[in-house]
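The values are calculated or read from the model by the stated rules, or taken from the named source; none is laboratory data. Just so we're clear, the structure is a prediction, and the values are computed from it rather than from any experiment. Note that we place each Cβ from the backbone using ideal geometry, even for glycine, and neighbour counts take in every protein chain shown. Note: accessible area is taken over every heavy atom of the protein model, side chains too, but ligands, DNA and RNA are not part of it. Shrake-Rupley method; radii C 1.70, N 1.55, O 1.52, S 1.80 Å.
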Amino acid sequence: MDKEEQQLSTVKRDLTRYPLDDFPRRYPTATVNRADYDLGDDDGSVDVQKYLTLALRHWKLIAGCTILGLMAAVLVTRNQTPIYRARTSVEIQGASNTLGARDNDVTNGADIQTQAKLLQSGSVRARTIRKLESGESTTTPVGAQVRVAPPKPKKPAKPRPPDKVSIWPTVKALFLPQGPVSPLGMATSTLKVTAAKDSRLIDITCDSTDPEVAADFVNTLVSEFMEQRLEYRWDVYNTTGQWLTLAQEELKLKLEASEQKLQEYAKSSGLVFMGEDRSVAEQKLGQLQEELTRAQADRIQKEAKYNLTVSSSPESLPEVLDNGPLAQYQVRLADLRRELAQLTSSLTPAHPKVMRVQAQIAELESTLVSERQNVIRRLKNEYQSAQERERLLSRNYGGQTEVVSQQGEKTIQYNLLKKDVEANRQLYQTALQRGKEASIDSALRSANLRVVDAARPSSWPYKPNVLVNLILGVLGGCFAGVGLVLGRDYLNRSIRVPGESSTYLNIPELGVIPTSSTESNLPLTGRIQRLIPSTSGSESKNGSSNHKGRSQGVELVTWNHKPSLLAESFRAVLTSILFSAEQGSPCRILAVTSSMPSEGKTTIISNLGIALAEMNRRAIIVDADMRRPRQHQIFDVANSWGLSDLLQEETLIEDYPKETLARKTDIPNLNVLVSGPSALSIPSILHSDRMTRLLERLKQEFDFVLIDCPPMIHLADARVVGRLADGVILVIRAGKTSQEAAISAVQRFNEDRTRVLGTILNDWNPKNAAYDRGYAYHPSYYYTSK
């Protein structure tokens, strides 16, 4: 992953994590244009490698939470009372009822749901409880195709085991049942009736601490429900039969009276009916109307033909054209005219043949005219006949209409009486039919429920489900651990991996110094300490010291352990510094600082000085951290006189001998100017002209001047020295230096117009990164074989 990709990933992460309006405040020195990192529509992609690496890094925490979840599941499971479930299935059937009562037609889903609700009703539960309490439990309900077992004496409920974890009252209150609950009471409260979708089956279940009580309750519930329905049906049938008997007698009298009244009215009004609905006059009127309609249509057709003969040439009439003799005459006339034309071409008009043909032509033409006139007269006669027929039918229709109108009021009254008769007859027939059906149904006491599977006492408890509880405990603990890890990672605002500093600060990253844990296999007297050494004397963290009292830790790792990963990392950083100097103005005076204390700037500057000395460059380290000086401890020199004395004395800087300004160390080409006794006003002496002249003198005497400055967030020393140096290097400790602190430091340097060469990421653990294999698994690459 190159620098641009790393920058894109980091900015996208923070743009999605924080509001966009907060971007300028978090990245005041960055020139990153948010339009270049337009997030667009989030495609929902997840960086699986990132989260997997994060989980592997904190696997101990996740494993601990998982174990705690498993222990909680075991604790809850062990303290739960065993609960048994009884189940039975019934089928809702259509009973042999013919009265049309609502509770007997259960073929649709709504009625099945109604039956399911009735099974859970309070009245059915009360009947069941009374029967069970009286000792008349039903092991198998009525209608099941199994043998009915005799009632068994009720076994006492199993006592609930005593609490095994009485020292955890909070857990018991949250997860364990409180107070004694009778098996029958639990079965009643946990009753559940479910209707299967698109079927007539109903499942009935209940839970109890006693398996036999659960089975007896479900079976007795079904039996009592069936008995209740039969009692209800018997009452309905008896009541309906009595009512139908009375209704039949009353309806018979009404039917006879209405029929008598209808006959008397028809006789008095003189109405004669051929059918059930229409009288003779109405039927005759309908026939005349049909004949009149046909006559009108025939008259219109013939009138149209006649008008066409009057207005058009007779030769164009269809009747003339379709006439058989006329067509033959036309053919014969055409032949004679053709023959005449042939004769006149060779004979004179007075020739007998010519004259004979002319006579035949004249005779045919006369015949054609006569035939056409006959066709026209025939059409006229047909038209007049149709007209007369229409007139006669119209007159008869009008007369018949008057007759029907006179009988209209009588017919209406007759129809009303007739409908009354039909209604009474239908009611009477229905009452007779229902009475016969009621007498049959009252003798058939069938139920509309059939038991498919009767409930049996369960051998294994339904709850607690050990496997499910353990799985839920493990998953819950695992999810809690993952959530805790993700939350910690989300709230961590520190710079942790290479490349992030260049993104946030918009300055180059000069290099990365890995943590000393990568050097665990080095052949040292003791284990290499971490990048921030102990400040107590010249002794390192692991308590080892070399024969001259110098620290054996990472402050001198570039000198003491040249073929090592840490040493090569410091040399790589130095190479980046030298290359950055070649691209701009030369940087011979370098100030090294950090935003906060304990970020490893002293260790880095000592190793950079050693790396310069190894290149045969004359280098001097100036310890400007007068509050917590450490360079004299690292290089084992006295701190009785140093920088603070130089800046406070009145002797000219040029008059001091070189040996006074720079004390030689055991490392060739490397000198050190210690801080000296602490001064009262450090910023004042650093602001003096003597500091400027001192740096000019050191620049003349040495190739490189490295200044160890104190942290700059709360102190002004680094800012003062940075203005005098050719460039400033900011040390960032991985996982500790926050983004805000680093941004604030760079922002202050930019406000002071101080040149910041770049940053150094210190104490980076490759094992905590997603791309750590280059360091974590090949440490031997950096060591020479013996």
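Quick one: what pairs do we get from the range 282-298, first residue over 12 Å from Arg389 (Cβ atoms), second in a helix (DSSP H, G or I) and hydrophobic (A, V, I, L, M, F, W, C), C-beta under 7 Å, 6+ apart or different chains?
Glu282/Val404; Leu285/Val404; Leu288/Leu393
Given (1) farther than 30 Å from Gln228 by Cβ; (2) open to solvent by less than 80 Å² (accessible area, probe 1.4 Å), where does Leu449 come up short, assuming only one miss?
Result: Leu449 fails condition (1) only.
Do the conditions hold for Arg748, that is, is it of a type in the set (D, E, K, R), closer than 21 Å to Glu599 by Cβ and at pLDDT 90 or above?
yes
Could you please find all residues in the range 292-311 being of a type in the set (Ser, Thr, Tyr), open to solvent by 60 Å² or more (accessible area, probe 1.4 Å) and within 21 Å of Asn374 (Cα to Cα)?
Ser311
To keep it simple, each residue is scored yes or no on (1) over 30 Å from Trp59 (Cβ atoms); (2) open to solvent by 10 Å² or more (accessible area, probe 1.4 Å); (3) of a type in the set (Gly, Ala, Ser).
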residue	(1), (2), (3)
Leu670	yes, no, no
Val674	yes, no, no
Ser678	yes, yes, yes
Arg693	yes, yes, no
Asp703	yes, yes, no
Leu715	yes, yes, no
Ser744	yes, yes, yes
Leu761	no, no, no
Asn765	no, yes, no
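Would you mind telling me which numbered condition in (1) part of a loop (DSSP other than H, G, I, E, B); (2) among the charged types (D, E, K, R); (3) at pLDDT below 90 Arg753 fails?
(3)
From Val746, Val720, Val728, which residue is in contact with a helix residue (DSSP H, G or I) (Cβ under 9 Å, 6 or more places away or on another chain), among the aliphatic types (A, V, I, L, M), under 20 Å from Gly642 (Cα atoms) and outside any loop (DSSP other than H, G, I, E, B)?
Testing whether each residue is in contact with a helix residue (DSSP H, G or I) (Cβ under 9 Å, 6 or more places away or on another chain), among the aliphatic types (A, V, I, L, M), under 20 Å from Gly642 (Cα atoms) and outside any loop (DSSP other than H, G, I, E, B) leaves just Val720.
Give me the residue from the range 210-235 that is surrounded by 19 or more Cβ atoms within 10 Å (Cβ to Cβ) and charged (D, E, K, R) and, out of that set, farthest from Met186 (Cα to Cα).
Arg233
I need the full set of residues from the range 179-192 which are in contact with a Lys or Arg (Cβ under 8 Å, 6 or more places away or on another chain), open to solvent by 20 Å² or more (accessible area, probe 1.4 Å) and touching a residue at least 24 places away in the same chain (Cβ under 8 Å), in order please.
The one that is in contact with a Lys or Arg (Cβ under 8 Å, 6 or more places away or on another chain), open to solvent by 20 Å² or more (accessible area, probe 1.4 Å) and touching a residue at least 24 places away in the same chain (Cβ under 8 Å): Thr188.
Kindly evaluate Glu390 against the criterion of being exposed (fewer than 14 other Cβ atoms within 10 Å of the Cβ), out of contact with any strand residue (DSSP E or B) (no Cβ under 9 Å at 6 or more places or on another chain) and over 30 Å from Thr239 (Cβ atoms). Reasoning before the result, please.
Values: exposed (fewer than 14 other Cβ atoms within 10 Å of the Cβ): no; out of contact with any strand residue (DSSP E or B) (no Cβ under 9 Å at 6 or more places or on another chain): yes; over 30 Å from Thr239 (Cβ atoms): yes.
No; evaluated as a whole, the condition is false for this residue.
Within the range 572-613, can you find the residues that are open to solvent by less than 60 Å² (accessible area, probe 1.4 Å) and among the charged types (D, E, K, R)?
Hits for the range 572-613 are Glu599, Lys601.
Give the residue that is most open to solvent (accessible area, probe 1.4 Å), with candidates limited to residues of the range 624-659 that are touching a residue at least 60 places away in the same chain (Cβ under 8 Å) and not in a loop (DSSP other than H, G, I, E, B).
Per the stated criteria, the residue is Gln633.
Lys158 versus (1) of a type outside the set (Phe, Trp, Tyr); (2) modelled with pLDDT of 80 or more; (3) over 21 Å from Glu227 (Cβ atoms): which is the lone unmet condition?
Going through the list (1) of a type outside the set (Phe, Trp, Tyr); (2) modelled with pLDDT of 80 or more; (3) over 21 Å from Glu227 (Cβ atoms), Lys158 breaks only (2).
Taking the conditions exactly as written (in contact (Cβ under 8 Å) with a residue 40 or more places away in the chain, assigned to a strand (DSSP E or B), closer than 30 Å to Ser182 by Cβ and open to solvent by 40 Å² or more (accessible area, probe 1.4 Å)), does Asp207 satisfy them or not?
Here the answer is no, as Asp207 does not meet what is asked.
Say whether the condition of being assigned to a strand (DSSP E or B), under 14 Å from Cys709 (Cα atoms), over 60 Å from the mean Cα position of the chain (by Cα) and not aliphatic (A, V, I, L, M) is met by at least one residue in the range 614-623.
Yes, the range 614-623 contains at least one residue that is assigned to a strand (DSSP E or B), under 14 Å from Cys709 (Cα atoms), over 60 Å from the mean Cα position of the chain (by Cα) and not aliphatic (A, V, I, L, M).
Hey, does the range 673-681 have a residue that's free of Cβ contacts under 8 Å to residues at least 60 places away in the same chain, under 26 Å from Gln633 (Cβ atoms), part of a strand (DSSP E or B) and touching a Gly at 6+ places or on another chain (Cβ under 9 Å)?
Yes, some residue in the range 673-681 is free of Cβ contacts under 8 Å to residues at least 60 places away in the same chain, under 26 Å from Gln633 (Cβ atoms), part of a strand (DSSP E or B) and touching a Gly at 6+ places or on another chain (Cβ under 9 Å).
Give just the number: which of (1) buried (at least 16 other Cβ atoms within 10 Å of the Cβ); (2) within 34 Å of the chain's Cα centre (by Cα); (3) modelled with pLDDT of 85 or more; (4) closer than 30 Å to Pro82 by Cβ does Ala454 not satisfy?
(2)
In the range 347-387, how many residues are among the charged types (D, E, K, R) and open to solvent by 80 Å² or more (accessible area, probe 1.4 Å)?
6
Tell me which residues, restricted to the range 699-717, are modelled with pLDDT of 90 or more, in a loop (DSSP other than H, G, I, E, B) and under 30 Å from Asn765 (Cα atoms).
Cys709, Pro710, Pro711
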